[in-house]
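The values are calculated or read from the model by the stated rules, or taken from the named source; none is laboratory data. Just so we're clear, the structure is a prediction, and the values are computed from it rather than from any experiment. With ideal geometry, Cβ positions are generated from the backbone for all residues, glycine too; neighbour counts draw on all protein chains shown.
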């Protein structure tokens, strides 16, 4: 006889007795036990294990033949909310077993029970346009039986019932329930979900549903930035994200003309670290931090090497809770960029072509020709200088030419102390009005600006199966700027590949190659705000705009030849393995390589001294290697306790090389590179010394960083959410005493709309409160600063000496920012209206600054880099989205955002105001002289008396030859020393806007759509210095006048309240035409239509005939209209750090684009 197992094994005799006893008792299963439901999920387990588990859950005992049960093998169980009887049927019938329930016992027998009949259910799932949705979830209602659609959107299910209800769901679409009947295919169309709460959003080292996010994260999708041919993605973010300040400081193609700040400015290192500014956010492309800077060699912004058409989405991590896991580089915010990738389904191919024409929107107001001549003649005639009167012991201005001649003073520049005009082409231009060569009115803006053009094309193909997905793309972008010598070319190739070679193993590979070619004119320099390539401000309008002289001028302007290229390679290989469901381990290796090449050739005619050609070359390379190792575990308990765990280890190594040099004396203007024919040195017979004709330099630096980090996130039914992160970074750039930094964060969220007590709020679709705190850090771009820097010193006995730059500080450490964030997310009226509000406070301490040490015992420099300053940023952000019309043939969706930031300098290492930074005031301050008004009488002229009792009149820099007198604008002598100097400058306001943001709108009607983006800035203080300084040229007549001036605009007599002081040519120190007074500040607000796109999708009935999926044509305009109260040209390009507009910034072009997109 076989043994019988009753919870444990008994001998045959005992088992038989007990079994007979139970049958005789005839006790039925209690009503409570019968009605009790159970849920059970087990994989690859024996039936014995299943029975043991059920006994623990229900208290019911199982009786069965052990050997029979063992022979049935293993089973997989995934059952939810079933009665015990239903569950046992599902398990036992396929195994040829039956059961009976008797009281508290269940008896399992082989046997005779009829297998349950299975019915087949089939169907297709599509989107609202009829396109298949691969990967959609299909589940039989009230069961765990389900499947996913294949690449064609089809599904097949087997179930024990012929009819019932199916539930369909897909990310970004509304869930739908439909009836089914076996044998009748089901076709279902899913509608987009306006709630968007189940949309998966990219976060640091992973992804998460929007409803599960507790940090301050803003997203921009590929749909938002399409059809705008742009050299840099940063400009496409402008006005789209609350709290992200993108200040476009130059329109130079491909240049670093953008100042990007997430929630204000935190660092003082922008000017000290060179091109790798510490004030910029961290950019992470496909999970890999990338180098983001403007090359000092080519002037190309490395972000311009990324083709915006390859981007799938952009997430801006604004608070510390979402960014702190990036540790020491996250103090200025993090921008995550995810490129497009393939998806399972039919292969797709798209091609996009566009042509753009661009023009200079506006030229400045200009007084030229006769007006320029008369102005400069009036200024020169009114010019005076004072002389020292020995009788009175005071300085005085002469009242006539005779007095001036006797005392060596100036009274009239034409009279020139009786000597007349002796030489100088400038005077000839002004005086020789009868000469037709000097009798013109040339607007040089019309000659040095040109219509620009942009050619943009890209192709992309994507698709895949259940085991391999691919995305391959290529792009070409060529822009001819609106100024000569300002072209930009980019070619790029992108390959994203994801492979599942075996079960549970995933291999992801990403490769991006980019080539850029960016030419610059001789007047341009690399930096944040690149200036004119050709300067229309340096030549008088009296000069001819055509003829031989004009040709000579153009030859000089275009004579400098610049070969300016760069290469970018980003590669990433990631291996991931799912150990068990939800538990994943991965390792990745990433490489980011940039090479910049520059060769500049200046012909002999551009060297007025030696008439030597010069060839100059430089090559710079940046390489970053990164290895990330991650372990993540996502699991749920009882379907309501949801956990997301992450552990990581990261190793990063960055290296920078540069080599460069120049050679003089090319034997021909046709030889542009230094060759053996260039002389090494040349003997100067006049000075009797040799002059070096060639030079060479090189440099190398390296940094290392080791990091380990973790994250734990928990939510209860997505109602109560909490998350904590931790990161510890160790870097070679910091002092030996502070190599490691710790950066924690914690955040919590409460979806209050899910509470029962909120059922009264019929208008509330979703609501969540968020709160977070975190600590982030900031590095700097000088690799060996903490180890001590050395500079070349004096040469002694033919040996080059070295000199320390300052005192080494081995305690130099990270800049640290503590940030608090409180947020509210609300969706109302069936998700038609959405509102997000965030308040934040960020305090940054240990800011790195070059401090001056007291005393004179520290060597030649007497400085040291220290963690010396503290800054705070406080702000409010509002983001509103509104579906004005959501259903029907006409839809309209609008989005508005605004941000307010209070930036304050909190503390200095001296405890007082330091180097122009005022405690309690913003960092980006405007520092000016206080305007004391026009001097109307002698009594208005301030005087002081020296220690010797002598009277001294207020004068610029103590030079009483030009002391302040009648008609001059008087600066206030703040320190009372009787002279005007930089010591009298004071903080007059901030150049940062009071409010800034954007308004985006999308309107659709049938096959037409209209999109526009408006950005605005309110309350920016700025100075139109160009308007003033154009009137103050010391070489009168050599420059045109960019101001509409008349004689009555100048002070003539006491009592005149005019905009300008008395006529005359004044030294710069006198400040009369420098725009350096606080009265010159303008409080500027402006609104600009940044983008307007009109698109049309050709009806599908015509497209299908061409065997295509879609044809779209569009027209896009950029920088179309600016409404402002600024006296200058464009307030957007005014330097956001200083607020001073010198009128030399490369202007933002107005562009019109015509494009075609074809999808196969």
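Are any of the residues in the stretch 793-800 at pLDDT below 85, more than 31 Å from the chain's Cα centre (by Cα), in a loop (DSSP other than H, G, I, E, B) and buried (at least 21 other Cβ atoms within 10 Å of the Cβ)?
So far as the stretch 793-800 goes, no, none of its residues is at pLDDT below 85, more than 31 Å from the chain's Cα centre (by Cα), in a loop (DSSP other than H, G, I, E, B) and buried (at least 21 other Cβ atoms within 10 Å of the Cβ).
Would you confirm, using the coordinates I've provided, whether residue 911 is out of contact with any strand residue (DSSP E or B) (no Cβ under 9 Å at 6 or more places or on another chain) and more than 26 Å from residue 213 (Cα to Cα)? Criteria met by residue 911. Answer with yes or no whether residue 393 is farther than 30 Å from residue 978 by Cβ and in contact (Cβ under 8 Å) with a residue 12 or more places away in the chain. No: the conditions fail for residue 393.
Taking the condition assigned to a loop (DSSP other than H, G, I, E, B) and at pLDDT 85 or above, does residue 261 pass? Can you show your working first?
Working: assigned to a loop (DSSP other than H, G, I, E, B): no; at pLDDT 85 or above: yes.
No; evaluated as a whole, the condition is false for this residue.
The lone criterion from (1) in contact with a helix residue (DSSP H, G or I) (Cβ under 9 Å, 6 or more places away or on another chain); (2) assigned to a loop (DSSP other than H, G, I, E, B); (3) within 19 Å of residue 1124 (Cα to Cα) left unmet by residue 992 is number (1). Quick one: which of 464, 475 is in contact (Cβ under 8 Å) with a residue 12 or more places away in the chain, on the phi > 0 side of the Ramachandran plot and surrounded by 17 or more Cβ atoms within 10 Å (Cβ to Cβ)? Only one candidate qualifies: 464.
Filter the stretch 1126-1148 down to residues that are under 15 Å from residue 362 (Cβ atoms) and surrounded by fewer than 20 Cβ atoms within 10 Å (Cβ to Cβ) and give me whichever is nearest to the chain's Cα centre (by Cα).
Let us first name the residues in the stretch 1126-1148 that are under 15 Å from residue 362 (Cβ atoms), namely 1126-1134, 1141, 1143, 1145-1148.
Then drop every residue that is not surrounded by fewer than 20 Cβ atoms within 10 Å (Cβ to Cβ), which leaves 1126-1127.
Details: 1126: 27, 1127: 30 Å.
Only one residue tops the list, namely 1126.
Taking the criterion of being surrounded by 15 or more Cβ atoms within 10 Å (Cβ to Cβ) and touching a helix residue (DSSP H, G or I) at 6+ places or on another chain (Cβ under 9 Å), would at least one residue in the stretch 679-694 satisfy it? No, every residue in the stretch 679-694 fails to be surrounded by 15 or more Cβ atoms within 10 Å (Cβ to Cβ) and touching a helix residue (DSSP H, G or I) at 6+ places or on another chain (Cβ under 9 Å).
The sole residue among 391, 372, 403 that is touching a strand residue (DSSP E or B) at 6+ places or on another chain (Cβ under 9 Å), surrounded by fewer than 15 Cβ atoms within 10 Å (Cβ to Cβ) and not assigned by TED's automatic domain parsing to the domain that holds residue 155 is 403. Highlighted here are the helices (runs of 4 or more DSSP H) found entirely within the stretch 1-77 that include at least 3 residues which are in the same structural domain as residue 101 (by TED's automatic domain parsing) and at pLDDT 50 or above: 47-58, 66-70.
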